[in-house]
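Student: So that we are looking at the same thing, I have put the structure below in structure tokens.
The values are calculated or read from the model by the stated rules, or taken from the named source; none is laboratory data. Computed from a predicted model, the values in this text were never measured in an experiment. Using ideal geometry, Cβ is built from the backbone for each residue, glycine included, and neighbour counts are taken over all protein chains shown. Just so you know, the surface numbers come from the protein's heavy atoms only, side chains and all, with ligands and any DNA or RNA stripped out. Shrake-Rupley method; radii C 1.70, N 1.55, O 1.52, S 1.80 Å.
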2 protein chains.
Amino acid sequence: MSDVLKEKYYRDAKPGERLMDFAKRMREIFGKGVVAKLCIEKLNGTEDVVVIDGVRNWEEIEEFEKVGKVIIIAVHASRSVRYSRLMNRGREDDSTSLQDLMKRDFDELQMGIGTVIALADYVITNDSSIEEFNKRAEDLINRL
Amino acid sequence: MSDVLKEKYYRDAKPGERLMDFAKRMREIFGKGVVAKLCIEKLNGTEDVVVIDGVRNWEEIEEFEKVGKVIIIAVHASRSVRYSRLMNRGREDDSTSLQDLMKRDFDELQMGIGTVIALADYVITNDSSIEEFNKRAEDLINRL
């Protein structure tokens, strides 16, 4: 999801407009499902299975449901696990204070991601190693 | 949570007022955390561990955090699993049409339960038998 959004951002953003503000403006103009629409625009309609990463609200799910059967897989880790990972990752665009991280969570929840997680078809818990997570994801994908 | 709410409902509801409307009115008067406050009122303050069932919004979590360390355990099942269970249970106050069930989900999500689920410390998946669920719950409780 963020790839198609960034692509449009680099093409169509106003001078000096930040990505977050651009995303907000796009949602106001084209509706809360706009980033899903940008993804769907990329499809050629003959794909069997498409994996989309980064859904943020239920309206996006409804867009995808218009073009195919949707299976929602939520990836869950506790706040303490996520926050300590982000603190350790230290990527430049990551927030570094606990307060920033909580604000970011509540901003995304405000957008509706909690609804998507609550109504997910499957939840994978991502609370241990990346190897264990990969294993859980592969097990689920094989089951599906 | 629903026990303390019902207790107050039987004591203080207006004649003919429905439980849902009473709950809404209480939240308007006493704030979104009111049912948590009613639970806290029941505690004598010497408990080591208290298990609360039925949190519906983040404000309730904030109330509980004022009086102790809170660990949030979300119980997740897919919509298809939950809906087929509710259809089969046939309890009198259960909705019976798929549309009613979806409306109930979105009503609760509107209240903020998605935020609580998204920010849970642990998620137990409840997608198979009650025996398997009990085992998962006991495993988690023993770990904690």
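Student: If you check B:A36 against the conditions, is it in the same structural domain as B:F133 (by TED's automatic domain parsing) and crowded, with 17+ Cβ neighbours inside 10 Å?
Tutor: no
Student: Hey, B:Q99 hits all of (1) open to solvent by 90 Å² or more (accessible area, probe 1.4 Å); (2) within 30 Å of B:S129 (Cα to Cα); (3) part of a loop (DSSP other than H, G, I, E, B) but one; which does it fall short on?
Tutor: (3)
Student: Picking from B:I113, B:I124, B:I73, which residue would you name as being within 11 Å of chain A (Cβ to nearest Cβ) and either open to solvent by 60 Å² or more (accessible area, probe 1.4 Å) or at positive phi (or both)?
Tutor: B:I73
Student: Somewhere in region B:100-118, is a residue more than 23 Å from A:I124 (Cα to Cα), more than 18 Å from the chain's Cα centre (by Cα) and without any contact (Cβ under 8 Å) to a residue 24 or more places away in the chain?
Tutor: Yes: region B:100-118 contains one or more residues that are more than 23 Å from A:I124 (Cα to Cα), more than 18 Å from the chain's Cα centre (by Cα) and without any contact (Cβ under 8 Å) to a residue 24 or more places away in the chain.
Student: Could you list, in sequence order, all residues of region A:76-133 that are modelled with pLDDT under 90, in contact with a helix residue (DSSP H, G or I) (Cβ under 7 Å, 6 or more places away or on another chain) and of a type in the set (A, V, I, L, M)?
Tutor: Of everything in region A:76-133, those that are modelled with pLDDT under 90, in contact with a helix residue (DSSP H, G or I) (Cβ under 7 Å, 6 or more places away or on another chain) and of a type in the set (A, V, I, L, M) turn out to be A:L86, A:L98, A:L101.
Student: Something else about it: Taking A:E41 and the conditions (1) in contact with a helix residue (DSSP H, G or I) (Cβ under 9 Å, 6 or more places away or on another chain); (2) open to solvent by less than 80 Å² (accessible area, probe 1.4 Å), which numbered condition does it fall short on, given that it satisfies the others?
Tutor: Unmet for A:E41, out of (1) in contact with a helix residue (DSSP H, G or I) (Cβ under 9 Å, 6 or more places away or on another chain); (2) open to solvent by less than 80 Å² (accessible area, probe 1.4 Å): (2).
Student: Here is a further query. In this structure, is B:E47 open to solvent by 40 Å² or more (accessible area, probe 1.4 Å) and either modelled with pLDDT of 95 or more or part of a helix (DSSP H, G or I) (or both)?
Tutor: no
Student: Given (1) modelled with pLDDT of 90 or more; (2) more than 14 Å from chain B (Cβ to nearest Cβ); (3) under 29 Å from B:E108 (Cα atoms); (4) out of contact with any Lys or Arg (no Cβ under 7 Å at 6 or more places or on another chain), where does A:E63 come up short, assuming only one miss?
Tutor: The one condition A:E63 does not meet is (4).
Student: Same structure again: If I ask for residues that are over 19 Å from B:I117 (Cα atoms), open to solvent by less than 70 Å² (accessible area, probe 1.4 Å) and either hydroxyl-bearing (S, T, Y) or part of a helix (DSSP H, G or I) (or both), which ones from region A:60-70 would you list?
Tutor: A:E60, A:E63, A:F64
Student: Hey, can you tell me all the residues within region B:33-44 that are at pLDDT below 95 and in a loop (DSSP other than H, G, I, E, B)?
Tutor: B:L43, B:N44
Student: Which residue, of A:E28, A:E132, is surrounded by 12 or more Cβ atoms within 10 Å (Cβ to Cβ) and either away from chain B (no Cβ under 14 Å) or in contact with a Phe, Trp or Tyr (Cβ under 7 Å, 6 or more places away or on another chain) (or both)?
Tutor: After ruling out the rest, the residue left standing is A:E132.
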